[in-house]
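What follows is a single structure, written as structure tokens, with notes after it.
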Amino acid sequence: MNIHRPSWRGRFLDRFLALFLLVVTTAGAAEDLVFAVSLIRHGDRAPYAKLEGGVLPDDWPEGIGELTPEGMRQELDLGRRMRQRYVDTLGLLPPRYRPDAVAVLSTSANRTVMSAQCFLAGLYPDGTGPRLDNGAPALPDLRQPVPIMTIPRGVPNLINPEHEDADKVQELIVRYGFVQPAWQRMERDLAGDLRRWGRILGVPVRNLNDFLVPADHVYCRWVHGKPLPKDLRKADLERIIATKMRACAIRFVPKELARHMASGFLRALDADLQAVASGKGKVRCKLYFGHDDSILGLMSALDRPLENNPSYASHIDFELYRDGDAFLVRTFFNGTPVPLTRENRETVSLADFHEFLGPWLVAAEAGGAGVSAH
């Protein structure tokens, strides 16, 4: 029997058509963003704790630990950028607020609640609010209110467990954070400077941890152009700021701290992603407003510990895409992709993301968490 064999031209044409159909089919099945979660740090603030004694005045009109006008603007600008991405570009959120669009949860600190308010003013700005039956604006400037829920102190806090039990986090930091070689090396190398800076500022400084509050005051005054002791030279200021940023981050590198700080958040995140994939999700976007410690613990849990304290209004974003019958997850820190899994992939399947989170989804150690929430 003679069997006809296609010519090389025929085989080439067949393969070209198959490849063309594959490209067309793939192009037609574009990914669709179906859900997003963001953990956002508050904006610029006054020093987070009162400095007892010393030469630095308490001249913060907002009050210790409160959001500054600069912090309000940072969050407003971030909300505007989020609107551009999630409303204008990707179409995840509707142009006008709906209850099924966004859910917002904040810690109970004034600076996080106010940060959420300012962010939402950028996400759903004036002009997008409702009208009365007669067509008049319900609120001046067609303002759109968005509900903000808070976690009261004493209640399990998935954003920042230290609000729940400060002593617990302090215990974990002492046990695991202060014994790290990086912490001990920094403390040893700075021993002379720490004592000298303490004398200049008029506060007792025995170790690196003692210096975090005065360093925060120096940093905040430098950011806002407030007077500082003349004995602090430019080189001192640069080193104090670098020390503060590095030391704050180092504390939350150990996995024991990451587990305590991030397990609750990651369990909630995983549950939400699974619910959306199964068609049971209730909102399109969840926004959490917390602190630097919230960001630090979560990045450490993701195996991407930060080298320095996150800047004000930093954010970690988790995005869930549908691609046909598949679901994909992408993670970003301040807009930069965060590679996950052992293969360091920027896009992972929902199943792989769930497996990656596995060690963090078990119940966290009983208790809350502590130290100061910055």
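Miscellaneous remarks
- Taken over region 53-74, the residue count meeting the criterion of being surrounded by 14 or more Cβ atoms within 10 Å (Cβ to Cβ), modelled with pLDDT of 95 or more and either in contact with a Leu (Cβ under 8 Å, 6 or more places away or on another chain) or not assigned by TED's automatic domain parsing to the domain that holds Ile40 (or both) is 1.
- Residues satisfying the stated conditions in region 254-311, i.e. over 26 Å from Cys118 (Cα atoms) and polar (S, T, N, Q): Ser263, Gln274, Ser278, Ser300
- Total residues in region 212-237 satisfying the condition of being under 24 Å from Asp293 (Cβ atoms) and part of a helix (DSSP H, G or I): the figure is 12.
- Residues that are under 17 Å from Arg185 (Cβ atoms) and of a type outside the set (A, V, I, L, M, F, W, C), drawn from region 235-281: Arg239, Thr243, Lys244, Arg246, Arg251, Pro254
- So Pro305, is it in a loop (DSSP other than H, G, I, E, B) and crowded, with 23+ Cβ neighbours inside 10 Å: no
- Residue list for region 182-211, restricted to those being in a loop (DSSP other than H, G, I, E, B) and free of Cβ contacts under 8 Å to residues at least 60 places away in the same chain: Leu190, Pro204, Val205, Arg206, Asn207, Leu208
- Out of Gly370, Gly281, one residue alone is at pLDDT below 95 and touching a Pro at 6+ places or on another chain (Cβ under 9 Å). It is Gly370.
- Thr89, sole failed condition from (1) closer than 22 Å to Val223 by Cα; (2) surrounded by fewer than 16 Cβ atoms within 10 Å (Cβ to Cβ): (1)
- Filtered by the rule that a residue be without any contact (Cβ under 8 Å) to a residue 60 or more places away in the chain, of a type in the set (Ser, Thr, Tyr) and assigned to a helix (DSSP H, G or I), region 70-108 gives a lone residue, Thr89.
- Residue in region 234-249 that is outside the structural domain of Ala215 (by TED's automatic domain parsing), more than 23 Å from Leu67 (Cα to Cα) and either basic (Lys, Arg) or touching a strand residue (DSSP E or B) at 6+ places or on another chain (Cβ under 7 Å) (or both) present: no
- Test: Gly129 is part of a loop (DSSP other than H, G, I, E, B) and buried (at least 16 other Cβ atoms within 10 Å of the Cβ): yes
- Breaking point among (1) in a loop (DSSP other than H, G, I, E, B); (2) more than 16 Å from the chain's Cα centre (by Cα); (3) at pLDDT 95 or above, for Tyr321: (1)
- Condition met for Arg111 (of a type outside the set (Val, Ile, Thr), surrounded by 17 or more Cβ atoms within 10 Å (Cβ to Cβ) and without any contact (Cβ under 8 Å) to a residue 60 or more places away in the chain): no
- Taking the criterion of being crowded, with 23+ Cβ neighbours inside 10 Å and not in a helix (DSSP H, G or I), the residues of region 238-292 that qualify are Arg251, Phe252, Leu287, Tyr288, Phe289, Gly290, His291.
The values are calculated or read from the model by the stated rules, or taken from the named source; none is laboratory data. Keep in mind that this is a model prediction, so the values were computed, not measured. For neighbour counting, all protein chains shown are included, and Cβ atoms are generated from backbone atoms with ideal geometry for every residue, glycine included.
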